[in-house]
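The values are calculated or read from the model by the stated rules, or taken from the named source; none is laboratory data. The structure displayed is predicted, hence computed values, not measured ones. Counting neighbours? That spans all protein chains shown, and the Cβs are built from the backbone with ideal geometry, glycine included.
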Amino acid sequence: MEHNNKALILIVDDDAIIRQVVSRLLSEQYRVEVAEDGEQGLARARELLPDGMIVDIQMPRMNGFELCEALHADMELAGIPVMLMSAAENKDELLRAYDVGGDGYITKPIDPKALRAKITYMLDTQRERKAMQDQISYATSTAFTAMSSMSETGLVMESLKQFNSCETTRDLGEQIMLALGQFELDGAVQLAGSEELVALNRKGPATDVERSILQHVASMDRIQQFTRRLAINFPGIKLLVSNMPIGDEERCGRLRDNLAILVEAAESRLEAIKVKASLLSAQRKVAIVNTIQSLTRALLEIDMQQREGKANRTMIFNETMMRLEESLSAFSLSERQEQNLLNIVREAWERVAATYGDEAELQDRLTHIVRDLQQMASV
């Protein structure tokens with residue numbers, strides 16, 4: 001990859017050693033620039049427009065949270081994903097990181113493998129969000145136009161109908177996010193499918209911070225609200241809402257009830273999707289077993305026919321030699337001539353029989369394959 005095509009990462013930390021360590025860890029894969037504090041980091045972000053930023057939380061003049069808020073308040077910089085660094089992970093900082101729009105979270109001392117993985121995920125997620133944003137914005141706009149005159153109950157009913165048409169875990173997650181947008185809410189959702197864990201927000205894949213908070217939701221009560229944030233916890237689905245209208249208590253209560261209904265319905269649909277996937281998997285397994293059994297019978301029949309054919313050829317030769325010996329007397333040949341003729345026939349047979357040696361090895365391999373298939377079909 002050419003140097004200019006590498007993603008640009010801006011590191012903002014007042015600790016020169018941390019700046020040097022993180023720069024060295026990332027310099028092979030990315031272009032790296034640094035800033036010594038939050039104010040300088042904001043100025044350099046405006047100058048460089050980096051693809052991503054790594055920002056220390058504890059800094060003088062402007063800390064990491066304040067820098068993150070300043071970035072999101074600037075329309076030109078709002079799309080830059082930000083990974084926040086902290087001395088230790090704790091729930092309060094995670095929630096604050098989520099509130100200010102952080103896209104990633106990592107603790108010191110820096111684990112090189114974890115850092116590279118989180119940066120890759122943050123940048124990949126940002127690219128996916130950009131690709132999906134137009135599509136989701138169009139779908140949301142269309143939904144708002146079609147449902148502008150519907151009541152909240154109508155929105156719930158329409159969302160329930162859309163849930164029933166979802167065939168995959170991801171489809172269901174996207175539909176939940178679309179329903180959230182129709183209520184003018186924002187947040188993230190996590191769905192535990194039969195073979196995958198899907199975490200989404202309204203723009204696409206959930207951020208690293210959102211995924212961490214959704215993991216914490218699993219230990220909470222069924223419905224829990226803290227300030228503007230609402231968490232709804234079902235076994236297969238965790239929903240996090242970030243902007244509940246706490247200034248309108250009546251609407252806030254209605255939204256809690258409606259969202260609980262939606263998540264409960266989505267949970268039922270998720271179970272149906274899992275059952276269907278399980279049935280399809282079982283059907284595929286049955287089809288594979290049937291195929292193995294059919295192949296085993298065919299190979300077994302071939303094996304038996306080939307072994308019987310070999311035995312029959314040997315018997316036919318022996319019978320032919322006996323008849324030949326009995327018939328030679330009618331030709332008035334000398335004993336030496338008779339013996340020479342018999343020797344010619346035996347030599348020819350031995351040459352033919354020699355070719356069966358290679359076939360015998362293949363025959364034994366075929367027999368072993370048949371036995372293995374029989375064992376597989378009986379499991």
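Only one entry in Ser294, Ser281, Ser332, Ser327 is at pLDDT below 70, farther than 30 Å from Ile223 by Cα and loosely packed, with under 11 Cβ neighbours inside 10 Å, namely Ser332.
Check region 300-310 and report whether any residue there is hydrophobic (A, V, I, L, M, F, W, C), at pLDDT below 70 and not in a loop (DSSP other than H, G, I, E, B).
Quick first cut of region 300-310, residues hydrophobic (A, V, I, L, M, F, W, C) only: 300, 302, 304.
From what's left, at pLDDT below 70: 300, 302.
Still in the list and also not in a loop (DSSP other than H, G, I, E, B): 300, 302.
Within region 300-310, one or more residues are hydrophobic (A, V, I, L, M, F, W, C), at pLDDT below 70 and not in a loop (DSSP other than H, G, I, E, B).
Screening Ala231 on (1) touching a residue at least 24 places away in the same chain (Cβ under 8 Å); (2) buried (at least 21 other Cβ atoms within 10 Å of the Cβ) shows it passes everything except condition (1).
Listed here are the strands (runs of 3 or more DSSP E) enclosed by region 153-261 that have at least 1 residues being more than 26 Å from Gln126 (Cβ to Cβ): 223-226, 229-233.
The residues of region 236-253 that are in contact with an Asp or Glu (Cβ under 7 Å, 6 or more places away or on another chain) and loosely packed, with under 14 Cβ neighbours inside 10 Å amount to a single one, Asn243.
Answer yes or no: is there a residue in region 167-179 that is in contact (Cβ under 8 Å) with a residue 24 or more places away in the chain and within 18 Å of Asp257 (Cβ to Cβ). Yes: one or more hits.
Conditions (1) modelled with pLDDT of 90 or more; (2) basic (Lys, Arg); (3) buried (at least 22 other Cβ atoms within 10 Å of the Cβ), marked per residue:
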site: Asp171; (1), (2), (3): yes, no, no
site: Ile176; (1), (2), (3): yes, no, yes
site: Val189; (1), (2), (3): yes, no, yes
site: Ala206; (1), (2), (3): yes, no, yes
site: Ile213; (1), (2), (3): yes, no, yes
site: Met220; (1), (2), (3): no, no, no
site: Gln224; (1), (2), (3): yes, no, no
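For region 216-227, the set of residues classified as in contact with a strand residue (DSSP E or B) (Cβ under 8 Å, 6 or more places away or on another chain), in contact (Cβ under 8 Å) with a residue 12 or more places away in the chain and not small (Gly, Ala, Ser) consists of Val217, Met220, Asp221, Arg222, Ile223, Gln225, listed by residue number.
Could you give every pair whose Cβ atoms fall below 6 Å, whose first residue belongs to region 236-250 and is in contact (Cβ under 8 Å) with a residue 24 or more places away in the chain and under 22 Å from Ala97 (Cα atoms), and whose second residue is surrounded by fewer than 18 Cβ atoms within 10 Å (Cβ to Cβ) and of a type in the set (Lys, Arg), counting only separations of at least 6 or pairs across chains? From residues that are in contact (Cβ under 8 Å) with a residue 24 or more places away in the chain and under 22 Å from Ala97 (Cα atoms), the pairs are Asn243/Arg228; Met244/Arg228.
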